[in-house]
C-alpha cells in the first residue's frame, strides 16, 4: 500500500477530509521548498503537491505560471525538484509527496539520464505520486504499472466536461486519488460553484473507487469547508502562491502555515 493510500485510509477512518496544498518547487526562493513543505505539514497538510516548473504550463493560470517562470529563472529543474524531495524526506517519512507537472520535464530527464531513470530516481527520492497533466489515461497503462511497481501512484485530472467514458478510462488506470477540476479553465480562474461539484461527484464515484480530491477555485476557509463536506480532499494552490509571493524569506513559511492552519480548522469543524 502506498503512502497516499495509507494516508487516505487513516483520514477516512477518522472521518476527516485531506488537505492538499500545492506549491511550485523553488518558489519564491530556490532553497525555501523543503522548509516550506515541513511548515505546511505542521499546519495540517496531509499530502503535498509539488509543482515541477515548466515553460509552457497549459493548465495553469497566470499566478502559477509566474511562479514557474520565477523558479525556472532560479535554475530549478527536475533534478533540483527530486533533491528537494530527498531533503524533505530526511525529516518526514510519512507525508505523501505528489509531483504535478507536464510530460516534457519527465521525458527530458530520461533522455538525459537514461531510459527509466526518472521512475527510479523519483522512487529513490521519496516521491509518492505523479500528476502529469498531458498524459492521457488511454496511453498510460504501462507507465502506471511501472509506477506501482515502485510504490508510486499515477493521478489524473477529471473536469466538468469529462464524459462517463473518460471517467471510466481514468478509473481503470488511476491510483492514489483523482483530482476533480471544479472549474472550466486554468488554475485560479472563475467562481467556484459548489452545487455543481456536488452534482458531479456521484457521477465520478459511480466508477472511481479511490478518493476524489477537488481543486481549482478553493481560496479560503468558507469554500474549503463547503467542498470538504462532499470531497475526500481539498486542493489549494493559487491562493497559497499569491500569499507567499513577495514575502521575505523569513516570512514565507509562517505565512503559508497560518493560512493552511485556518483551512485545516475549517475542514475539521
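Values computed for the structure shown
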{"quantity": "Any hit, segment 94-115, residues being assigned to a loop (DSSP other than H, G, I, E, B), touching a strand residue (DSSP E or B) at 6+ places or on another chain (Cβ under 6 Å) and either surrounded by fewer than 23 Cβ atoms within 10 Å (Cβ to Cβ) or touching a residue at least 24 places away in the same chain (Cβ under 8 Å) (or both)", "calculated": "no"}
{"quantity": "Any pair with Cβ under 7 angstrom, 6 or more apart, that starts in segment 1-27 at a residue that is farther than 13 Å from residue 233 by Cα and ends at one that is in a strand (DSSP E or B)", "calculated": "2/153; 23/50; 23/51; 24/51; 25/50; 25/51"}
{"quantity": "Residue within segment 188-199 that is within 16 Å of the chain's Cα centre (by Cα) and modelled with pLDDT of 95 or more present", "calculated": "no"}
{"quantity": "Any hit, segment 32-44, residues being part of a helix (DSSP H, G or I), surrounded by fewer than 21 Cβ atoms within 10 Å (Cβ to Cβ) and free of Cβ contacts under 8 Å to residues at least 12 places away in the same chain", "calculated": "no"}
{"quantity": "Subset tally (residues that are at pLDDT below 95 and either over 15 Å from residue 118 (Cα atoms) or in a strand (DSSP E or B) (or both)) for segment 141-161", "calculated": "4"}
{"quantity": "Failed condition for residue 195, given (1) part of a loop (DSSP other than H, G, I, E, B); (2) over 24 Å from residue 24 (Cβ atoms)", "calculated": "(1)"}
{"quantity": "Members of segment 45-89 found to be farther than 23 Å from residue 19 by Cα, at pLDDT 95 or above, part of a loop (DSSP other than H, G, I, E, B) and in contact with a helix residue (DSSP H, G or I) (Cβ under 6 Å, 6 or more places away or on another chain), listed by number", "calculated": "none"}
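The values are calculated or read from the model by the stated rules, or taken from the named source; none is laboratory data. What you see is a predicted model, and the numbers here were worked out from it, not measured in a lab. Positions of Cβ are generated from backbone atoms using ideal geometry, with glycine treated the same way; all protein chains shown enter the neighbour counts.
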